[in-house]
Structures are given as structure tokens and as C-alpha cells.
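Notes follow once the structure below has been shown.
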Amino acid sequence: MPVKNPKELFVRMLSDLRQGTERTTKVFQELGGVAQDPDVKEALEARVFVSQKILDTLDQCFKLMGEQPQKLGGRLHDVFAEDFRRELEEIQNPTVRHLFILAKASHLIHFRISEYKALIAAADLSGHYGVGVLLESCLADKLAFAERARRLIQNIAATRVAEKIAARSVA
């Protein structure tokens, strides 16, 4: 479908973000299902909960604009999920699996962060300031999760290093 004006592009980008958020939520549910570390599992479950709120917020954006989300392809998430499943099967070490799960979650969230930044600028350019406010609140949730994932990765690595040091001092 050709895009004829900035508003159509904005609706298309917002539709892609909404559809991607639905798919990302499913990926996070899958990641949480395979995570065995209770902290990682809890963080991913919380992310799924927040993602549901974000979907409601994105729906409100469409309502403010008087538009409906468009149906788009969205193959990127399917490829991501396929690659994730294949690569995860090859990882045997539980610590490495948790780092991998968090790294993939971090990749997804940073992708979304960049989408939100572009859409916030587009909302301002199109005069939809209320939509921009709603998108900024979603962005804040994404940034918080990205920071949380970073700290979890750091904690897992620090714990593993401490275990190795303790094992060496005993030997």
C-alpha cells in the first residue's frame, strides 16, 4: 500500500510498532518460559505485564488520532524468534543460557526504543502532542527494562566470577 503523506506514514509506523509490541510480548513470554533463573523469569514476566499496558496505550494513540491500526507483514520478529529457538537449543550451560536470554531480550528492547524515539519525533511533527506524551511514557517503560536487563546481566556475570574465585581458593 503506497504512503501518500506524513500522516499515513505515521499511522503505518505506529501500526508496525503496535504489531511488533504484540509479537515482542509473545517472544518475552517464550523467553520467560525457558528461563530457569528466578530473577530472569520474574523480570520477563513483569515485562509481559507492562507490555499489555503498552498495547492499551498504543490503542489510545490510535483513538486520539481517529485511526485504526493497519495490518502489516512483520517478518522481522518471526525470524528473530526462529533464530532464538535454534541458538538456545545449542546452549547447555544454565548461566550461559540466562545470559543469552537476557541478551536477546535486550536486543529486542533496544530495537523498540529506537522505534519509539522516531515515532515521538513524528508525533511532534504531525501535531499529535498527546500521542507524543503517550509514546514517551511507553519509551520510559522500555528504558527501565533495558536498564534492568543490563543489571541482571551484570549480576549474573559477577556471581559467576565470584564462584570461580571461590573455587580456586578452595583448591
Q | Cross-chain or 6+ apart pairs with Cβ under 9 Å, segment 1-22 first and within 16 Å of Gly66 (Cβ to Cβ), then not hydrophobic (A, V, I, L, M, F, W, C) and not in a loop (DSSP other than H, G, I, E, B) | A | Arg18/Asp59
Q) Taking segment 128-154, which residues are farther than 19 Å from Leu55 by Cβ and modelled with pLDDT under 90? A) Arg148, Ala149, Leu152, Ile153
Q) Do any residues in segment 70-95 that are under 23 Å from Thr159 (Cβ atoms) have Cβ atoms under 8 Å from those of residues that are of a type in the set (Lys, Arg) and part of a helix (DSSP H, G or I), where the two are at least six apart or on different chains, and which pairs are they? A) Leu88/Arg97; Ile91/Arg97; Thr95/Arg160
(Q) Just to verify a result, which residue in segment 126-137, among those that are small (Gly, Ala, Ser) and part of a helix (DSSP H, G or I), is surrounded by the most Cβ atoms within 10 Å (Cβ to Cβ)? (A) Gly132
Q. Which is surrounded by fewer than 15 Cβ atoms within 10 Å (Cβ to Cβ) and either part of a helix (DSSP H, G or I) or within 11 Å of the chain's Cα centre (by Cα) (or both), of Ala123, Ala105, Ala140?
A. Ala140
Q: Working only within segment 1-38, note down all residues that are exposed (fewer than 15 other Cβ atoms within 10 Å of the Cβ), part of a helix (DSSP H, G or I) and over 13 Å from the mean Cα position of the chain (by Cα).
A: Pro6, Glu8, Leu9, Gly33, Pro38
Q | Odd one out for Gly73, checked against (1) more than 24 Å from Leu134 (Cβ to Cβ); (2) among the small types (Gly, Ala, Ser); (3) part of a helix (DSSP H, G or I) | A | (3)
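Quick one: how many residues across segment 115-165 are of a type in the set (Val, Ile, Thr) and within 16 Å of His98 (Cα to Cα)?
First, the residues of segment 115-165 that are of a type in the set (Val, Ile, Thr): 120, 131, 133, 153, 156, 159, 161, 165.
Right, trim to within 16 Å of His98 (Cα to Cα) and you get 153, 156, 159, 161.
Total satisfying the criteria: 4.
The values are calculated or read from the model by the stated rules, or taken from the named source; none is laboratory data. This one's a predicted model, so the numbers in the text were calculated from it and none came from an experiment. We place every Cβ from the backbone using ideal geometry, glycine too, and count neighbours over all the protein chains shown.
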